[in-house]
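Only one structure is covered here, and it is reproduced in the block below.
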Amino acid sequence: MAGMIGVSLPVLSLAGTADPASSASPSDLSSDSESDEEPYVIGLGDVLDISVWKDDALTRTCVVRPDGAISFPLIGEVQTSGKTASQLKAEMEKKLERFVPGVTLSVDIKQINSMIIYVIGKVNAPGRIVTNADVDVLQALATAGGLNVYAKRNSIKIFRDEKDQTTIFPFQYDEIVEGKRLEQNIKLKRGDVVVVP
């Protein structure tokens, strides 16, 4: 994990600094609170049930490979990672149309395996957490066994990589448990790293 964070350090900016492009502004935090309204984006390792109406030969359960693609009869390789189920359905129907006129395709996300967050540092059970639901920072810390006695509880940081840039969100544990500045308790996104020094 240390290596992963180190690679992105040249583009780090601390939330709350003067850089508007990467700071965790109140609008950023608001968008997190609305994230459960956004359609789910398919990720690596997710399991998809794909079927064509009235054609059992074109019904498949596919696992998204590390390169973000799946293989499907007639059309071959299909890039799936980063797309919603509806986007993938439309793209595959378009490709299949030449082979199956009037095709009606169904794409269901059978199992979510790509929603992974990481909690490292002075917690009782550091490591990666696979979740199929939105979790906030407190929930992630609880899943990681809670803070140990040596943790700097008010110096916790969340690292988020988006669009080749890393944003750092500060998290002061004592304020949260006292019910203050609850906007710090953000919803975590795929790949977020919670660091407890």
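The values are calculated or read from the model by the stated rules, or taken from the named source; none is laboratory data. Since the model is a prediction, treat every value here as computed from it, not as a measurement. So basically every Cβ, Gly included, is an ideal-geometry build from the backbone, and we count neighbours across all protein chains shown.
Tell me which residues, restricted to segment 42-63, are more than 29 Å from the chain's Cα centre (by Cα) and not aromatic (F, W, Y). Correct list: K54, D55, D56, A57, L58.
Within segment 107-115, does at least one residue satisfy the condition of being touching a Lys or Arg at 6+ places or on another chain (Cβ under 8 Å) and of a type in the set (D, E)? No, segment 107-115 contains no residue that is touching a Lys or Arg at 6+ places or on another chain (Cβ under 8 Å) and of a type in the set (D, E). Hey, among the residues in segment 52-62 that are surrounded by 14 or more Cβ atoms within 10 Å (Cβ to Cβ) and of a type in the set (A, V, I, L, M, F, W, C), which one's modelled with the highest pLDDT? Within segment 52-62, the match that is modelled with the highest pLDDT is C62. The single condition among (1) assigned by TED's automatic domain parsing to the domain that holds Y173; (2) among the aromatic types (F, W, Y); (3) at pLDDT below 95 that F99 does not meet is (1). Taking every residue in segment 172-191 that is without any contact (Cβ under 8 Å) to a residue 24 or more places away in the chain and pairing it with any residue that is surrounded by 15 or more Cβ atoms within 10 Å (Cβ to Cβ) and part of a loop (DSSP other than H, G, I, E, B), at least 6 positions away or on another chain, the pairs with Cβ-Cβ distances below 8 Å are Q172/R153; D174/R153; R181/Q172. Considering only segment 175-185, I want to know if a residue exists there that is closer than 30 Å to E77 by Cα and in contact with a strand residue (DSSP E or B) (Cβ under 8 Å, 6 or more places away or on another chain). So far as segment 175-185 goes, no, none of its residues is closer than 30 Å to E77 by Cα and in contact with a strand residue (DSSP E or B) (Cβ under 8 Å, 6 or more places away or on another chain). The strands (runs of 3 or more DSSP E) found wholly in segment 60-168 and carrying at least 2 residues that are acidic (D, E) occupy 156-162. Listed conditions (1) at negative phi; (2) more than 13 Å from the chain's Cα centre (by Cα) are all met by R160, apart from (2).
Taking segment 158-184 as the range and being surrounded by fewer than 20 Cβ atoms within 10 Å (Cβ to Cβ), at pLDDT 95 or above and under 18 Å from V123 (Cα atoms) as the test, the residues that pass are P170, Q172, D174. Restricting to segment 90-120, and then to whatever is in contact (Cβ under 8 Å) with a residue 60 or more places away in the chain and of a type in the set (S, T, N, Q), can you tell me which residue is nearest to R160 (Cα to Cα)? If we take residues in segment 90-120 being in contact (Cβ under 8 Å) with a residue 60 or more places away in the chain and of a type in the set (S, T, N, Q), then S114 is nearest to R160 (Cα to Cα).
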